[in-house]
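One structure is given here, and the rest of the page talks about it.
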There are 2 protein chains.
Amino acid sequence: MNIAVDAMGGDRAPDVVVQGALQAAGETGTTVTLVGNERAIRTALKRCGRKGPVEIFPCDEFVRMDESPMKAIRRKPNASVRVAFDLVKGGKADAVVSAGNSGATFAAGLLVLGKVGGVDRPALASIFPGRAGEVVLIDVGANVDCRPVHLLQFGQMAQAFATACLGMANPAVGLLSIGEEGEKGNEQVRKAHVLLKESRLNFVGNVEGRDIFTGAVPIIVCDGFVGNVALKVAEGLSETMAEMVEKEMMRTFHGRLGFRMGRSGFRKLFETMDHETYGGAPILGINGVGIVCHGSASPRAVKNGVKRAAEYVRDGFQEKLALRMADFNRVPSGCPEAAGGRTAGRDMRR
Amino acid sequence: MNIAVDAMGGDRAPDVVVQGALQAAGETGTTVTLVGNERAIRTALKRCGRKGPVEIFPCDEFVRMDESPMKAIRRKPNASVRVAFDLVKGGKADAVVSAGNSGATFAAGLLVLGKVGGVDRPALASIFPGRAGEVVLIDVGANVDCRPVHLLQFGQMAQAFATACLGMANPAVGLLSIGEEGEKGNEQVRKAHVLLKESRLNFVGNVEGRDIFTGAVPIIVCDGFVGNVALKVAEGLSETMAEMVEKEMMRTFHGRLGFRMGRSGFRKLFETMDHETYGGAPILGINGVGIVCHGSASPRAVKNGVKRAAEYVRDGFQEKLALRMADFNRVPSGCPEAAGGRTAGRDMRR
């Protein structure tokens with residue numbers, strides 16, 4: 001197993017990325033290939049002072065955080081994130097992890113590896129820690145103008161993902177709207193509701209923004225604009241509340257004492273709500289495994305991203321997703337598994 | 001001053017509503033007219049055991065929480081929320097407060113009072129407690145399919161509102177998107193960005209979901225679908241975190257002690273984040289003052305809604321909004337105030 005990590009991607013690259021990659025390699029035994037400027041990577045490795053099963057694949061270019069994703073990926077064939085996906089395509093790596101420009105990571109994965117058959121629009125999924133279990137929100141920013149059929153496909157991909165990688169059996173799928181009734185929502189959502197209802201997914205109807213945190217419905221489908229707003233509202237509020245809890249507690253003597261005494265509880269809480277624990281957002285619908293970490297990712301976040309990527313490869317996620325999508329598209333009814341047996345994941349590439 | 005309160009609206013109406021209305025009347029001296037089933041209101045009043053400057057305006061019908069708003073309002077001319085707006089139209093009340101079916105409250109206000117000149121789509125604004133000051137998010141659910149020009153008008157209405165009622169001078173307006181650059185976002189948002197940039201508003205560009213809580217940009221514009229999702233994500237996460245903070249603290253001896261010692265701090269925090277403190281969402285763009293409270297509103301939330309409504313009336317919000325919209329639509333450049341002097345708020349009704 002070899003995970004290609006975009007060493008140049010992230011607000012504090014390459015240092016933070018190299019640190020996280022080293023930790024992951026040390027803890028899991030997975031080989032990590034650091035892709036990027038060799039001198040910068042070697043300096044970062046020296047600074048860490050630790051060794052692990054890491055390799056370096058040198059390349060000269062990288063995509064800046066503020067660059068236009070698609071343009072940058074097309075113009076820079078030697079950009080680290082694109083080279084990382086080239087390694088996967090060439091069979092030299094099994095997955096890509098990047099904390100760089102998330103649009104560029106997505107674009108590189110799409111351009112280099114191509115789409116899975118039956119998928120019009122690959123999407124970015126985010127995993128939230130719901131009270132009753134994990135919640136997959138899809139799409140969280142890759143597709144900002146979606147047609148209803150794209151939302152249906154997001155549900156299909158997420159179902160395949162949750163089944164293969166999160167240990168869920170026939171997970172319920174909800175559609176993010178502004179009221180539970182099917183006629184609630186905008187035009188796109190009302191039409192998607194009909195498609196989802198007619199599909200073979202375990203569709204349970206509309207859900208609301210608050211349901212992202214309950215975990216009652218493990219898959220929640222939305223367009224990328226809405227999903228990205230939801231993600232950033234959650235991040236912003238979580239940070240604000242963490243700050244406010246501490247500030248309020250520190251105002252009084254008893255509060256200060258209480259805060260110090262309960263510090264481990266607080267830490268645990270904010271860790272649970274923290275995107276870093278979840279190791280980034282998987283790209284669903286490309287012919288390979290790619291994980292997008294937050295630009296401000298810490299070494300721990302990068303480490304968890306690499307761990308998750310290795311797990312997804314081990315779970316055979318990519319092959320299972322391709323089989324499931326082929327099945328959704330080819331068999332109007334009957335047993336999905338029987339139909340899936342006729343095709344092989346790799347054959348679905350195009 | 002007389003505020004018409006829809007006594008039949010809300011999950012626990014009329015009891016909770018009557019209680020809140022009584023509190024508001026007692027604390028502010030504002031007369032409150034309870035609109036709804038007379039017998040039910042009298043029973044609720046007896047249960048409260050307190051008196052205040054409250055009147056009853058009897059009517060037989062009401063809109064259920066699960067009814068289709070526009071249909072219900074059209075079919076039930078004697079529904080409490082519609083009768084409440086009739087009182088405003090007839091000059092017998094100054095504003096309406098309802099914790100009932102929010103779509104129906106909005107529809108009744110629109111149908112009975114009509115739109116302000118220059119407003120294509122009245123909207124619902126929600127006030128968030130940002131760290132650096134209050135933030136007005138508009139629209140939070142009244143308009144689920146918006147054209148770019150509607151987003152521009154939301155910004156104009158919110159600017160008039162924040163200036164008249166929140167004591168802000170030339171407040172900055174941001175557009176909710178998924179990246180700060182003008183070309184980020186979906187088609188609707190990219191077009192709205194251009195319109196807002198060309199307008200006379202103090203437009204500062206795109207903002208992201210996390211900015212709702214910073215308060216750096218006091219007015220944030222979005223379509224009603226996106227705004228409603230954002231609102232419910234925030235509500236859901238806030239509730240979840242409150243629960244989790246308590247649960248985590250209660251797990252250990254020191255945690256329990258700390259939680260008890262710091263309880264007042266916690267309470268203060270969750271109160272700040274609580275929609276109830278803010279007394280509901282004002283409807284902007286109709287010819288009158290209407291406030292939509294949460295269906296699960298407590299007596300305190302209803303009380304704050306009535307107080308806010310009275311303040312808005314006292315601030316002359318309605319007239320100022322009409323003047324400002326007339327100005328935005330009639331004068332291509334120059335001083336808004338000078339132009340505004342030529343028209344009168346009431347004349348703008350149509």
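Quick note: the coordinates plus some simple rules give every number you see, no bench work behind them. Note that the structure is a prediction, hence the values are computed from the model and not measured. For neighbour counting, all protein chains shown are included, and Cβ atoms are generated from backbone atoms with ideal geometry for every residue, glycine included.
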Between residue A:114 and residues 5 or more places away or on another chain, the pairs with built amide H atoms under 5 Å apart involve A:287
Ranked by GNM mean-square fluctuation in chain A (Cα springs under 10 Å), the top entry among A:253, A:62, A:213 is A:253
Of A:219, A:178, A:283, the most mobile residue in a GNM of chain A (C-alpha springs, cutoff 10 Å) is A:178
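Under 8 Å for C-alpha pairs, at least 6 residues apart: give me the relative contact order for chain A, rounded to a whole percent.
22
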For chain B, shape from the Cα gyration tensor axes a ≥ b ≥ c, cut at a/c of 1.5 then a/b versus b/c, turns out oblate
Both in Å, the radius of gyration and Dmax of the C-alpha trace of the range A:1-61 are 10.2, 30
In whole µm²/s, the translational diffusion coefficient that Stokes-Einstein assigns to the protein assembly as shown, given a Kirkwood hydrodynamic radius over C-alpha pairs, 20 °C and 1.002 mPa s, equals 79
homo-copy label distances at residue B:183 (7 angstrom along Cα-Cβ), nm, one dp, ascending, are 4.2
Here the whole-number average of other chain Cβ atoms within 10 Å per Cβ of B:205-214 is 5
Inter-copy distances for residue A:1, label 7 Å out on the Cα-Cβ vector, sorted ascending, nm, one decimal, are 6.6
Counting only residues 5 or more apart in sequence or on a different chain, those whose built amide H sits under 5 Å from that of residue A:33 are A:3, A:4, A:5, A:55
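Just tell me, in residue order, which DSSP H segments of chain B are both 27 angstrom or longer along the helix axis (alpha-carbon based) and at least -0.5 in mean Kyte-Doolittle hydropathy.
Helices passing the filter in chain B: B:224-250.
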Checking rank on B:313-321, A:300-308, B:97-105, with mean other Cβ inside 10 Å and highest first, the result is B:97-105, A:300-308, B:313-321
Sorting from shortest, the nanometre distances separating the label point of residue A:250 (7 Å past Cα along the line to Cβ) from those of the same residue in the other copies are 2.8
For the residue B:89, residue A:78 Cβ pair and Förster radius 60 Å, calculated FRET efficiency rounded to 0.05 is 0.30
Mean other chain Cβ within 10 Å across B:142-149 is 2
Expected unfolding gain across residue B:181-residue B:51 under the 0.36 nm per residue rule, minus the alpha-carbon gap, is 41.2 nm
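Can you give the calculated 222 nm mean residue ellipticity of chain A, where each DSSP H run of n ≥ 4 adds -39,500 (n - 2.57) and the sum is split over every residue, rounded to the nearest 500 deg cm²/dmol?
Taken over chain A, the calculation gives -15000 deg cm²/dmol.
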Once residue B:120 and residue B:296 are pulled to full extension, the length gained, defined as 0.36 nm per residue separation minus their Cα-Cα distance, is 60.3 nm
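Given contacts defined as C-alpha pairs under 8 Å and at least six residues apart, what's the relative contact order of the range B:60-154, whole-number percent? Mind showing how you got there, number by number?
Numbers: 114 pairs, mean separation 20.5, N = 95.
Once normalised by length, the contact order is 22 percent.
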Cross-link reach from residue A:89 to aspartates and glutamates, straight Cα distance under 16 Å and at least 8 residues apart if same chain, gives A:6, A:319, A:347
Averaged over the residues of A:215-228, the number of partner chain Cβ atoms within 10 Å of each residue's own Cβ comes to 3
